[in-house]
1. Run D377 past the list (1) touching a residue at least 60 places away in the same chain (Cβ under 8 Å); (2) more than 9 Å from the ligand (Cβ to nearest atom); (3) open to solvent by 10 Å² or more (accessible area, probe 1.4 Å); (4) not aliphatic (A, V, I, L, M) and report the number of the one that doesn't hold.
2. Could you check how many residues of region 294-306 are closer than 25 Å to A393 by Cα and open to solvent by 50 Å² or more (accessible area, probe 1.4 Å)?
3. Within region 189-201, can one find any residue that is within 24 Å of G396 (Cβ to Cβ) and out of contact with any Pro (no Cβ under 7 Å at 6 or more places or on another chain)?
4. Search region 301-340 for residues being acidic (D, E) and without any contact (Cβ under 8 Å) to a residue 40 or more places away in the chain, and hand back the single one that is nearest to the ligand (Cβ to nearest atom).
5. Output the residues belonging to region 256-278 that are surrounded by 16 or more Cβ atoms within 10 Å (Cβ to Cβ), touching a residue at least 24 places away in the same chain (Cβ under 8 Å) and over 20 Å from N220 (Cβ atoms).
6. Pick from region 380-398 the residues that are more than 6 Å from the ligand (Cβ to nearest atom) and hydrophobic (A, V, I, L, M, F, W, C): which of them is farthest from V429 (Cα to Cα)?
7. Considering only region 298-309, state which residues are in contact with a helix residue (DSSP H, G or I) (Cβ under 8 Å, 6 or more places away or on another chain) and hydrophobic (A, V, I, L, M, F, W, C).
8. Given the structure, is S9 at pLDDT below 90, assigned to a helix (DSSP H, G or I), over 14 Å from V84 (Cβ atoms) and open to solvent by less than 80 Å² (accessible area, probe 1.4 Å)?
Amino acid sequence: MTNSNSNSSSQNYVLFWADFRWLLFWMGVGAIGGWYFGVTPWGIVVGLVFFHLLRLYALQRFSYWVKAPIQAPPPEMSGGLTFVATQLYQSRTQEQLTQQKMMGLIKKIRSSLLALQDAVILLDSEDRLEWWNQSAEKLLQLRSEDQGNSIFNLINVPEFREYYEMTKTPNDGVRLNSWKDPERYVQCEVTHFGEEKLLLIYDVTRLQHLEQMRKDFVANVSHELRTPLTVIMGYIETFSDQPDIDPKWQRGFSLMTQQTRRMNSIINDLLMLSRLENEEAHETQCVDMPRLLTHVFDDAQIYNKDYGHFIDLHLDSQDNLYGSEMYLNSALLNLVTNAIKYTPKGGEISISWTAVKEGCMFAVSDTGIGIAKEHIDRLTERFYRVDSGRSRATGGTGLGLAIVKHVLYQHDATLKIESSEDHGSTFKVFFPASRICGTSSNSTDA
Ligand code: ADP
């Protein structure tokens with residue numbers, strides 16, 4: 001600030017002296033001429049007039065030069081105008097250079113966008129097509145007449161509109177079955193910049209097929225393993241129930257029973273995950289939540305027999321939820337059995353159902369072993385365990401929270417985990433108000 005002030009005052013000083021010197025010069029010349037003819041004051045007046053005529057001439061040349069389209073160096077002019085013209089010329093030359101560089105950069109960006117394999121579409125503030133690259137032309141069969149058309153005329157799919165309206169908050173984009181070719185899949189991602197938007201569309205058909213293959217493989221393997229495992233389990237149980245079994249085989253049989261049960265739980269969980277992933281729409285109804293939670297509480301009491309925790313249930317809300325009773329029961333019971341499993345004997349478990357600002361909240365808190373901060377974000381990954389030894393010992397499959405995540409996703413719910421090592425954990429599930437479908441007539445607190 002101080003620097004620019006001192007710069008402009010020194011420029012004013014230069015300008016003032018450049019003109020003032022010429023003024024003195026022409027007044028001096030006029031005075032000498034006037035003195036020679038005995039009319040000194042008139043001589044000074046003539047000098048002044050001459051000075052102004054020269055200024056006017058210089059100003060005219062300056063204005064022609066400023067208006068000229070081709071930037072030639074400024075013409076020869078006397079006084080402060082030369083200084084102004086030189087400064088202007090320098091800054092214009094600099095500006096031109098920057099402009100040329102920018103143009104070069106824009107050309108490069110444009111040609112790289114054109115060469116891109118993915119479709120790129122620039123949308124204006126009214127969601128109309130402004131510009132697109134060659135891949136967009138091929139993938140969406142765009143023609144020049146489409147310029148100015150709304151994107152929703154082009155991609156007339158409800159899932160796209162739903163995603164598009166949520167793009168103000170960052171998200172991963174939406175995968176759609178191509179509206180041009182039902183055999184193909186595309187991923188759409190919108191990025192906002194100012195009022196405009198950049199829509200990126202790329203072909204993910206191969207990825208989709210690979211994902212489907214992975215899902216089918218897990219589902220088929222789990223399904224195929226189920227029958228032989230049931231047979232093995234049946235025989236092991238029959239043999240171990242024999243009264244005349246040799247005591248040296250006793251331990252072997254009990255280990256076999258334990259491990260086959262574990263395998264059975266893993267297979268059941270894998271099949272459940274496959275069902276959750278593959279089912280486009282599951283059976284939904286208005287679920288009586290207080291009743292469902294009372295069942296969860298009763299099941300938890302049975303599971304709690306070996307642990308001896310004190311469990312309580314607070315039904316502070318009577319709200320019911322629109323969803324799948326079976327999946328909701330499975331997910332919420334999973335959270336409760338985890339709280340029981342990961343709490344040393346004689347702990348306290350609290351289950352609650354409460355109305356909150358965003359809708360409804362299910363919470364289960366325990367006084368258990370807790371979870372270190374670095375593990376919390378990864379808990380819902382398949383087979384992720386903080387301590388695999390402990391998880392196996394408690395009969396865990398490592399798939400419980402992955403199932404919970406899927407079920408919650410299908411119910412538009414979010415999971416929040418609060419925990420600290422050795423100080424217990426709280427798992428909170430938030431259901432949006434849009435899922436609430438009336439209230440239950442029962443009211444129970446345990
Ligand atoms: P698992 O079948 O091993 O219990 P989950 O997917 O249900 O698998 O849980 C993943 C891991 O999260 C568990 O192995 C455990 O380490 C941790 N965990 C889940 N719930 C709790 C809890 N309430 N307290 C402490 N750790 C927990």
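1. Unmet condition: (1).
2. 7
3. no
4. D306
5. T260
6. Residue satisfying both the conditions and the ranking: A393.
7. A300
8. yes
The values are calculated or read from the model by the stated rules, or taken from the named source; none is laboratory data. Note that this is a predicted model, so its numbers are computed, not measured. All Cβ positions, even for glycine, are placed from backbone atoms using ideal geometry, and neighbour counts span all protein chains on display. Please note that ligands, DNA and RNA were not included when accessible areas were found on the heavy atoms of the full protein model with its side chains. Shrake-Rupley method; radii C 1.70, N 1.55, O 1.52, S 1.80 Å.
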